[in-house]
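Structure first, then comments.
The values are calculated or read from the model by the stated rules, or taken from the named source; none is laboratory data. A quick note: this is a predicted structure, and the numbers were derived from the prediction, not measured. Positions of Cβ are backbone-derived with ideal geometry, glycine not excepted, and every protein chain shown enters the neighbour counts. What goes into the accessible areas is simple: the full protein's heavy atoms, side chains included, and nothing from ligands, DNA or RNA. Shrake-Rupley method; radii C 1.70, N 1.55, O 1.52, S 1.80 Å.
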Amino acid sequence: NLPVVIHTRESFERTCEIVRDFARDLRGGVFHCFPGKAADAQRVIDMGFIISVGGVITYKNSQMARTAAETPIEHMILETDSPYLTPVPYRGKQNSPANVPYIRDKLAELKDMTPAEIETITDATCRKLYGLAETFEG
C-alpha cells in the first residue's frame, strides 16, 4: 500500500500501457524525471499519478519547461535526479539536492508564482503522495 516511483526512458508509451493495467490497484505514485509533453502529463494525472520536475526545465528550449508551464502545479513535485540533469547554472556538473531551489525558481517563473508558493504547493503534494505528516508549521 505504498506509492510507486516510475522512471521511464524512451519507453513512455509502453510504460503507460503497463501502468494503466494496474493503476486502479495502486496507491498512486510519481513519474520521476518526467519525459513527456503536457498531454502526456495529463494522461499520467488521469491514472492517479503526479509528475516530478527536475533540472531539465532550466535548459534552453526545454520541452519539459513547456510541459511544466501547462501542467497544474498541484500535480507536480520537485526533484534533482542526482547526480544527473543538473540545473543551470551548474549544468554539466554533478547534481545534488542543494540545487532544488534553481528548479523551484524556474517553475515559479514559468507559473508566474513566487518561489514560496511553489515550495508550499509542491511540498504539500509530496507529503500527500508519501503519506508524510506535517512536521513544521509556517
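Some values worked out for this structure:
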quantity	calculated
Cα shape, the range 66-138, gyration tensor, a/c 1.5 rule	oblate
Among 73, 50, 18, residue whose mean-square fluctuation peaks in a GNM of the chain (springs only between Cα atoms under 10 Å)	18
Selection from 94, 19, 115, by position along the positive dipole direction of the chain (Cβ)	94
For the chain, alpha-carbon Rg relative to the globular expectation (2.2 N^0.38 Å, N residues)	1.01
Extension gain from residue 133 to residue 91, taking 0.36 nm per residue of separation minus the Cα-Cα distance	11.8 nm
The chain, accessible surface, carbon-and-sulfur percent (1.4 angstrom probe)	52 percent
